[in-house]
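Asker: Structure below; questions to follow.
The values are calculated or read from the model by the stated rules, or taken from the named source; none is laboratory data. It should be emphasised that the depicted structure is a prediction, and the values quoted were computed from it without experimental measurement. So basically every Cβ, Gly included, is an ideal-geometry build from the backbone, and we count neighbours across all protein chains shown. Calculation scope for accessible area: heavy atoms of the full protein, side chains included, ligands and nucleic acids excluded. Shrake-Rupley method; radii C 1.70, N 1.55, O 1.52, S 1.80 Å.
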Amino acid sequence: MSDDNAMQRPEWWRGCVIYQVYPRSFQDTTGDGSGDLKGITSRLAHIASLGVDAVWLSPFFKSPMADMGYDVSDYRDVDPMFGTLADFDALVAEAHRLGLKVVIDQVLSHSSDKHEWFIESRASRDNAKADWYVWADARPDGGAPNNWLSVFGGPSWEWDATRRQYYMHNFLASQPDLNFHNPEVQDALLGTVRFWLERGVDGFRLDTVNYYVHDHWLRSNPPLASSVAGTNTETSTYLYQEHLFDKTQPENLHFLRRFRALLDEYEGRAAVGEIGDEGRSLQTLAAYTSGADKLQMSYTFDLLGSQFSAAHVRGCVEAFENAVADGWVCWAFSNHDVVRHVSRWTRPGGDPDAVARFSIMLLACLRGSICLYQGEELGLQEAELAYEDLRDPVGIRFWPGVKGRDGCRTPMVWEAGADNAGFSTAKPWLPVPAGHRARAVDVQNGEEQSVLSAYRSALALRKQHPALVGGSIRLLDAEDDVLAFIREDGGERLLCVFNFAGEPATWRLPADVGTLTAVAGSAVAENGELSLSVLGSFLGRLD
């Protein structure tokens, strides 16, 4: 169970551990093959047993499900697939009983094209909501207003024959962008946020938070230098532009201040923003979390990619520490949008379980809050799915060059011997991989050497040491593929050392390190050196 005293702190979010639930794939209680809110409630004890502080729910709002719930048609109701508002209230009550905070997604940058706001907006150019979305006239030749591209492929403009104008969509054409330059839109969205605050929600994860505001003059984006040089090898055309004008506009800060002012009306509420800002993510994070008048914390995609090395992690940590004076970061290795990190980071012939154990120890020692994604505590790898099983529009459109996001969204495995591994009594909306069954919760519970046990131990260790939760971080010199740093808070100083390499490594202890007492890890300190095994880690107390 979570630490009740810690969770009563006004700044409970600082250094907290968040567990992300993808509702459609967590637990089905209705026999329709899709997870639901009652299912999540029934499994909250498992989440609490990990030692996390909060549960984040991906979207469960009314939606046509064109983008699996990230296309909202009613911000104030639960989609019948997931249950009812009463089911949500029961979930919040049970989570709070278990000492867990509840964080929910808010998809504010765009709505579904089935939302009543958009239906009215597209009906004419002079109705009450005509300016609630981003509309623009065609160029004289009928072309789109500028060169902006959709993250999901093609132009970010769709022609509407009724208004005889284009509307903007950063993602699917069925996800039109709301016009944040209109104060009425901001007011309406903040009203939907208040609705969930009144229902007892403790925090929000803001989807695509830097996409809210577009350039008022609709200026075209310049190409990247690599695109001009012909050296760009990205599979997505979106990554051929420098996105100066279609997102991350300065006016966004005004809305974030309004959002924070609303949160501050309620005690102990917090928000974490998702920032996707190629090449500028940590600078954007600094702007969005500084000054105590915007977001409490944000996360980026810097550690959600394929790079797995001491140098890369050190570079990300250094960049954050240098850029962010008083802001706060939330680190994650996996989520619902990326290939699971055990699959990304296990070298050919390597041990996925060793990568899982190493990763959670590293994550638990980093300065910042941390976020886990359902199934990673079991060491689940990315599922390989057949084309006919895909549900993700990205994978369906760009297969086989891009396989989409379904591989990380397959159902949670609870019981190895049960139908569909205990997820559902019906055919699941995505297949349950055969290889996942052996990693079910009931198999790993009670096994001292399981990945699940490693997660519980690492998170318990983090809770036991204030320096890991909220202390400072000082990076130390290290060669080869070794990362070393000191976490310090009050009178506690902890040395953290990690060997990313595929072979054993030694690291010379600094001369001024003082007395070192091992706390966790299998490394051996002898003759002023620390000997680390392959993917070995060490945590020691400095006196």
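Asker: So, THR231, is that one part of a loop (DSSP other than H, G, I, E, B), open to solvent by 50 Å² or more (accessible area, probe 1.4 Å) and touching a helix residue (DSSP H, G or I) at 6+ places or on another chain (Cβ under 8 Å) or not?
Answerer: No; evaluated as a whole, the condition is false for this residue.
Asker: Could you identify the single residue in VAL134, VAL151 that is in contact (Cβ under 8 Å) with a residue 40 or more places away in the chain, within 20 Å of SER73 (Cα to Cα), β-branched (Val, Ile, Thr) and surrounded by 16 or more Cβ atoms within 10 Å (Cβ to Cβ)? First the steps, then the outcome.
Answerer: Values: VAL151 fails: within 20 Å of SER73 (Cα to Cα).
On inspection, the qualifying residue turns out to be VAL134.
Asker: Step by step: first the residues of region 64-78, then only those that are among the hydroxyl-bearing types (Ser, Thr, Tyr) and outside any strand (DSSP E or B), then the one that is nearest to ARG194 (Cα to Cα). Which residue is that?
Answerer: Filtering region 64-78 for residues that are among the hydroxyl-bearing types (Ser, Thr, Tyr) and outside any strand (DSSP E or B), the one nearest to ARG194 (Cα to Cα) comes out as SER73.
Asker: If you scan region 214-228, which residues turn out to be out of contact with any strand residue (DSSP E or B) (no Cβ under 9 Å at 6 or more places or on another chain) and open to solvent by less than 50 Å² (accessible area, probe 1.4 Å)?
Answerer: Hits for region 214-228 are ASP215, SER226.
Asker: Is it the case that region 273-291 has a residue that's surrounded by fewer than 23 Cβ atoms within 10 Å (Cβ to Cβ), among the β-branched types (Val, Ile, Thr) and in contact with a Phe, Trp or Tyr (Cβ under 9 Å, 6 or more places away or on another chain)?
Answerer: no
Asker: Would you tally the residues in region 405-428 being among the hydrophobic types (A, V, I, L, M, F, W, C) and either surrounded by fewer than 23 Cβ atoms within 10 Å (Cβ to Cβ) or over 22 Å from the mean Cα position of the chain (by Cα) (or both)?
Answerer: Qualifying residue count for the region: 6.
Asker: Let me ask something additional. If a residue has to be more than 30 Å from PHE498 (Cα to Cα), open to solvent by 10 Å² or more (accessible area, probe 1.4 Å) and of a type in the set (Gly, Ala, Ser) to count, how many in region 351-396 make the cut?
Answerer: Residues in region 351-396 being more than 30 Å from PHE498 (Cα to Cα), open to solvent by 10 Å² or more (accessible area, probe 1.4 Å) and of a type in the set (Gly, Ala, Ser): 1 in total.
Asker: Then there's this: Select from region 226-268 the residues that are free of Cβ contacts under 8 Å to residues at least 60 places away in the same chain and within 13 Å of TYR212 (Cα to Cα) and list them in ascending order.
Answerer: Residues satisfying the conditions are THR248, GLN249, PRO250, LEU253, HIS254, LEU256.
Asker: Across region 73-88, what is the total count of residues that are over 23 Å from the mean Cα position of the chain (by Cα) and surrounded by 22 or more Cβ atoms within 10 Å (Cβ to Cβ)?
Answerer: 1
Asker: Something else: Considering only region 439-543, give the helices (runs of 4 or more DSSP H) lying wholly within it that have at least 3 residues that are of a type in the set (Gly, Ala, Ser) and either open to solvent by less than 30 Å² (accessible area, probe 1.4 Å) or modelled with pLDDT of 95 or more (or both).
Answerer: 451-464
Asker: With the requirement that a residue be modelled with pLDDT of 95 or more and open to solvent by 20 Å² or more (accessible area, probe 1.4 Å), what does region 1-28 give you?
Answerer: Initially, region 1-28 is screened for residues modelled with pLDDT of 95 or more, giving 12-28.
If the condition is that a residue be modelled with pLDDT of 95 or more and open to solvent by 20 Å² or more (accessible area, probe 1.4 Å), then ARG14, ARG24 are the ones that fit.
Asker: Sticking with this one: Determine, yes or no, whether SER174 is over 19 Å from GLY273 (Cα atoms) and open to solvent by less than 40 Å² (accessible area, probe 1.4 Å).
Answerer: yes
Asker: A follow-up question, please. Is at least one residue of region 137-144 surrounded by 15 or more Cβ atoms within 10 Å (Cβ to Cβ) and either assigned to a loop (DSSP other than H, G, I, E, B) or under 27 Å from the mean Cα position of the chain (by Cα) (or both)?
Answerer: Among the residues of region 137-144, at least one is surrounded by 15 or more Cβ atoms within 10 Å (Cβ to Cβ) and either assigned to a loop (DSSP other than H, G, I, E, B) or under 27 Å from the mean Cα position of the chain (by Cα) (or both), which makes the answer yes.
Asker: Can you name the condition, by its number, that ARG260 falls short on among (1) more than 30 Å from LEU362 (Cα to Cα); (2) modelled with pLDDT of 95 or more; (3) assigned to a loop (DSSP other than H, G, I, E, B)?
Answerer: The one condition ARG260 does not meet is (3).
Asker: Being assigned to a strand (DSSP E or B) and of a type in the set (Phe, Trp, Tyr) is the filter here; which residues of region 159-196 pass it?
Answerer: TRP159, TYR166, TYR167
Asker: In region 303-330, which residues are of a type outside the set (A, V, I, L, M, F, W, C), in contact with a Leu (Cβ under 7 Å, 6 or more places away or on another chain) and open to solvent by 10 Å² or more (accessible area, probe 1.4 Å)? Before the answer, list the steps.
Answerer: Let us first name the residues in region 303-330 that are of a type outside the set (A, V, I, L, M, F, W, C), namely 305-307, 309, 312, 314-315, 318, 321-322, 326-327.
Subsequent filtering for residues that are in contact with a Leu (Cβ under 7 Å, 6 or more places away or on another chain) retains 314, 318, 327.
Those that are of a type outside the set (A, V, I, L, M, F, W, C), in contact with a Leu (Cβ under 7 Å, 6 or more places away or on another chain) and open to solvent by 10 Å² or more (accessible area, probe 1.4 Å): ARG314, GLU318.
Asker: When you look at TYR266, is it exposed (fewer than 15 other Cβ atoms within 10 Å of the Cβ), touching a helix residue (DSSP H, G or I) at 6+ places or on another chain (Cβ under 7 Å) and over 19 Å from LEU224 (Cβ atoms), yes or no?
Answerer: Yes.
Asker: If you don't mind, another one. Against the definition (more than 25 Å from THR300 (Cβ to Cβ) and in a loop (DSSP other than H, G, I, E, B)), how does GLY153 come out, yes or no?
Answerer: No.
Asker: Same structure, new question: Could you list all residues from region 178-198 that are farther than 17 Å from LEU256 by Cβ and surrounded by 18 or more Cβ atoms within 10 Å (Cβ to Cβ)?
Answerer: Matches in region 178-198: TRP196 only.
Asker: Output the number of residues of region 89-125 satisfying the condition of being of a type in the set (Ser, Thr, Tyr), surrounded by 21 or more Cβ atoms within 10 Å (Cβ to Cβ) and without any contact (Cβ under 8 Å) to a residue 60 or more places away in the chain.
Answerer: So the count comes out to 1.
Asker: Let me ask something else about it. Pairs, please: C-beta under 6 Å, at least 6 apart or cross-chain, first residue free of Cβ contacts under 8 Å to residues at least 40 places away in the same chain and assigned to a helix (DSSP H, G or I) and in region 375-397, second of a type in the set (Phe, Trp, Tyr) and open to solvent by 40 Å² or more (accessible area, probe 1.4 Å)?
Answerer: Qualifying pairs under 6 Å: TYR387/TRP399.
Asker: On the given criteria, is TYR211 surrounded by fewer than 14 Cβ atoms within 10 Å (Cβ to Cβ), aromatic (Phe, Trp, Tyr) and under 26 Å from ALA54 (Cα atoms)?
Answerer: Against the criterion (surrounded by fewer than 14 Cβ atoms within 10 Å (Cβ to Cβ), aromatic (Phe, Trp, Tyr) and under 26 Å from ALA54 (Cα atoms)), TYR211 does not qualify.
Asker: So which residues in region 418-438 are free of Cβ contacts under 8 Å to residues at least 24 places away in the same chain, touching a helix residue (DSSP H, G or I) at 6+ places or on another chain (Cβ under 8 Å) and part of a loop (DSSP other than H, G, I, E, B), if there are any at all?
Answerer: VAL432
Asker: Could you please tell me which pairs satisfy a Cβ distance under 9 Å, a separation of 6+ or placement on different chains, a first residue in region 442-467 that is free of Cβ contacts under 8 Å to residues at least 24 places away in the same chain, and a second residue that is open to solvent by 60 Å² or more (accessible area, probe 1.4 Å)?
Answerer: These pairs meet every condition: SER453/ASN445; SER453/GLY446; SER453/GLU447.
Asker: Here's something else I'd like to know. Only residues that are hydroxyl-bearing (Ser, Thr, Tyr) and outside any helix (DSSP H, G or I): list them for region 107-126, please. Talk me through it step by step, then tell me what you get.
Answerer: Just the residues of region 107-126 that are hydroxyl-bearing (Ser, Thr, Tyr), to begin with: 109, 111-112, 121, 124.
Of everything in region 107-126, those that are hydroxyl-bearing (Ser, Thr, Tyr) and outside any helix (DSSP H, G or I) turn out to be SER109, SER111, SER112, SER124.
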